[in-house]
Amino acid sequence: MDYNLQIGMSHVAEKHVADADSAATLGSGTLAVFATPAMILLMELAARNAVQDVLPQGATTVGTLVNVQHLAATPVGAKVSATATLTAIDGRKLTFEVEAADENGVIGKGTHERAVIDIQRFMSKLIKE
């Protein structure tokens, strides 16, 4: 199951922080700053997009582990980016180094794991008849 995956595959996801991304709106805090859950979402998006194009039709990845530090606050309105780089492949398990940054530098970093899954098989386990 190599799916044409290669160590070093990378993607950058970017966005401007909106009110909907704030800790106050998401409930993870009370301030109008980029929320940790929103930062993690951007990191996961970067990781997914780093490998999705080489997977066969009917396959995707799902997040299985997030281990990140949120190091600095970013205000609503600022531009943020998250970079994910594939660092290990162990069967279906993919490990990424992830890092988020704004105009002032690194705001978060860590690791993220995803598993390659067959969409139909995965979803069929959830549907109870």
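Go through segment 34-55 and count every residue that is over 10 Å from the mean Cα position of the chain (by Cα), among the aliphatic types (A, V, I, L, M) and open to solvent by 40 Å² or more (accessible area, probe 1.4 Å).
Final tally of qualifying residues: 1.
Among the residues of segment 1-54, write down those that are in contact (Cβ under 8 Å) with a residue 24 or more places away in the chain and among the polar types (S, T, N, Q).
Answer for segment 1-54, where residues must be in contact (Cβ under 8 Å) with a residue 24 or more places away in the chain and among the polar types (S, T, N, Q): 4, 6, 10, 22, 36, 49.
Residue 111 passes all but one of (1) closer than 15 Å to residue 63 by Cα; (2) exposed (fewer than 15 other Cβ atoms within 10 Å of the Cβ); (3) of a type in the set (S, T, N, Q); which number fails?
Only one criterion in (1) closer than 15 Å to residue 63 by Cα; (2) exposed (fewer than 15 other Cβ atoms within 10 Å of the Cβ); (3) of a type in the set (S, T, N, Q) is unmet by residue 111, namely (2).
In segment 78-98, how many are open to solvent by 60 Å² or more (accessible area, probe 1.4 Å) and touching a residue at least 40 places away in the same chain (Cβ under 8 Å)?
Number of matching residues: 4.
Kindly establish whether residue 67 is in a helix (DSSP H, G or I) and either touching a Phe, Trp or Tyr at 6+ places or on another chain (Cβ under 7 Å) or polar (S, T, N, Q) (or both).
The answer is no for residue 67.
Is it true that residue 72 is touching an Asp or Glu at 6+ places or on another chain (Cβ under 8 Å) and buried (at least 16 other Cβ atoms within 10 Å of the Cβ)?
It is false that residue 72 is touching an Asp or Glu at 6+ places or on another chain (Cβ under 8 Å) and buried (at least 16 other Cβ atoms within 10 Å of the Cβ).
The values are calculated or read from the model by the stated rules, or taken from the named source; none is laboratory data. Quick caveat: nothing in here was measured; it's all calculated off a predicted structure. Here the Cβ is made from the backbone with ideal geometry for all residues, glycine too, and neighbour counts use every protein chain on show. For the accessible areas, the whole protein counts, side chains as well, though only heavy atoms, and no ligand, DNA or RNA atoms are used. Shrake-Rupley method; radii C 1.70, N 1.55, O 1.52, S 1.80 Å.
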